[in-house]
1. Select from the chain the helices, each a whole stretch of DSSP H, whose alpha-carbon atoms run 27 Å or more along the helix axis and whose Kyte-Doolittle mean is at least 0.5; answer none if there are none.
2. Arrange Ile95, Ile35, Ile86 by Cβ neighbour counts within 10 Å, fewest through most, would you?
3. For Ser13, Ser5, Ser103, Ser205, which order do you get if you count the other beta carbons within 10 Å of each Cβ and list the fewest first?
4. Mind putting a number on the dipole of the chain about its Cα centre? Charges go on the C-beta only, +1 for Lys and Arg and -1 for Asp and Glu, and I need it in Debye to the nearest 20.
5. Excluding residues fewer than 8 places away in the same chain, name every one of the aspartates and glutamates whose C-alpha is closer than 13 Å to that of Lys161.
6. Looking at the chain, identify the longest residue range that excludes and avoids all chymotrypsin sites (Phe, Trp or Tyr not before Pro) in DSSP loops having at most 16 other Cβ atoms within 10 Å.
7. Note down the net charge around Leu152, summing +1 for each Lys or Arg and -1 for each Asp or Glu among other residues with Cβ under 13 Å from its Cβ.
8. Which length gain, in nm to one decimal place, applies between Leu128 and Ala49 when the Cα-Cα distance is subtracted from 0.36 nm times their residue separation?
Amino acid sequence: MSGFSWDWAFAWSVLPALLEGLSVTVQATAAGSLIALPFGLLWCILRLADIPVLSFVVRFMVEFLRGTPFLVQLYFIFYVLPKYGIIFSPLATGIFALGVYSSARAAEFYRAALEAIPAGQWEASLTLGLPIGKVWTRIILPQMWPIVAPMLGNLVIAMFKDTAVLSTITVLEVVARAKDAGFQTFRYLEPLTIAGILFWIVSYSAARFLRRLEDRHAR
């Protein structure tokens, strides 16, 4: 039973390494978001544009990415692509895989937000002869952002938690650091508990921030 007792000295000793891992987790989330959010909007626009062949390919790709596990996609990029000369570092692989996987989920959020805008606004804008670029930037997108922003915020939080999977390809994020501490000392209680607490602190803080933004928009 002694193995289940909490050792505060050991907990404090592993905390710096876990915080270093947390910084990698945050970096992967931020970089993955820079891929997921703009590409998700691109996939959405191409899908709704009804361009022959291209729209079908984008629709299939989005459904495929959403319908297959992130871990399978991550392993494919990390283990299969290098055999064909496409090689990334573990962290770059994790960021790319996380961004691409999440872009498909973002595309569906954008689509739902765009479909919530009355179709008459599109028709009226085009009838008035407004350039399609101005229709998007001056009329559609300003109305879409308040609708989609909370969904995208929750997606980023989900991406933050999904980074735990990157430990399987040797990315030294917070979970990998916790596992390493456990391997070296055969004590897993403290490092894994602290890792979970760090995830909760960041996720809860981000969720509260999003809620405040939603409340401010509602007012």
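Read the figures in this text as sums done on the coordinates, not as results from a lab. No experiment lies behind these values; they were computed from the predicted model shown. In this analysis, Cβ positions are derived from the backbone assuming ideal geometry, glycine residues included, and neighbour counts consider all displayed protein chains.
1. On the way: long enough: 8-48 (57 Å, 1.41); 90-115 (38 Å, 0.58); 141-162 (29 Å, 0.93); 189-218 (43 Å, 0.38).
Helices passing the filter in the chain: 8-48, 90-115, 141-162.
2. Details: Ile95 24, Ile35 19, Ile86 10.
So the residues, fewest neighbours to most, are Ile86, Ile35, Ile95.
3. On the way: Ser13 14, Ser5 8, Ser103 25, Ser205 11.
With the sparsest Cβ surroundings first, the list reads Ser5, Ser205, Ser13, Ser103.
4. On the way: 17 positive and 13 negative charges, 66 e Å.
Its charge dipole is roughly 320 debye.
5. In chain and number order, the partners are Glu173.
6. Numbers: sites that count: Trp6, Phe88, Phe186, Tyr188.
It runs 89-185.
7. Working: positive: Arg105, Arg111; negative: Glu108, Glu214.
Summing Lys/Arg as +1 and Asp/Glu as -1 gives 0.
8. Values: separation 79, 0.36 × 79 = 28.44 nm, distance 2.01 nm.
In short, 26.4 nm is gained.
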